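Note sheet for the following structure.
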Amino acid sequence: MKANQEARKLRAQAAAYGDVVERSPAEALMGAATTLDSVLRALEGVASTGRAVEPVAMLREIRAAATESGKMQKMVQDAGLDERRLRLEEQQVQLGDVVRLVLEAHGLTVSDAAVRADLGEALRRVGEGDRSPLRAVLAIEAGGSTGS
């Protein structure tokens, strides 16, 4: 019972050594995979204060951190977060290449101010669920110039 009380005190003291950072759920899950190292460093900080530390309580905290870290690493592996993140990054690069190739086929580059404005407008609209044509497309369909 005394060791459990000491373990709770150690946990509270160790929490004071940690950084609080806002993260997405995926980042939190990935970060939780490194729990063991973080807890060990925090406990090392507590032990370095020179205060007497109950060895059994310290070992319990290390064991709990190791168990939790193992669970989180298994969850990350099972969820395939690393693979999903890599796949998403690859798709973003491919989309950028597609946009560049289409623009070049029409004699445009992303450095053109009107093109950048239209790309920004298209991204904003799609993000809001609006798939209506851009003003440049409407002008071309009407037989006029893009006006950009």
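Readers should treat all values here as calculations from the given coordinates under stated rules, not as data from a laboratory. All figures in this text were calculated on a predicted structure; none of them were measured in a lab. So basically every Cβ, Gly included, is an ideal-geometry build from the backbone, and we count neighbours across all protein chains shown.
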### Summary
The FRET efficiency for residue 93 and residue 67, from their Cβ-Cβ distance with R0 = 41 Å and rounded to 0.05, is 0.60
### Summary
Given 25 °C, 0.890 mPa s and a Kirkwood radius over Cα pairs, the Stokes-Einstein diffusion coefficient of the range 78-120 in µm²/s is 206
### Task
Could I have the simple spin-label model distance between residue 54 and residue 134, label points 7 Å from Cα toward Cβ, reported in nm to one decimal?
6.6
## Note on the structure
Going residue by residue through the range 88-102, the Karplus relation 6.51 cos²θ - 1.76 cosθ + 1.60 with θ = phi - 60° gives ³J(HN,Hα) values, rounded to whole Hz and with x marking Gly or Pro, of 5, 4, 5, 5, 5, 5, 4, 4, x, 5, 4, 4, 4, 5, 5
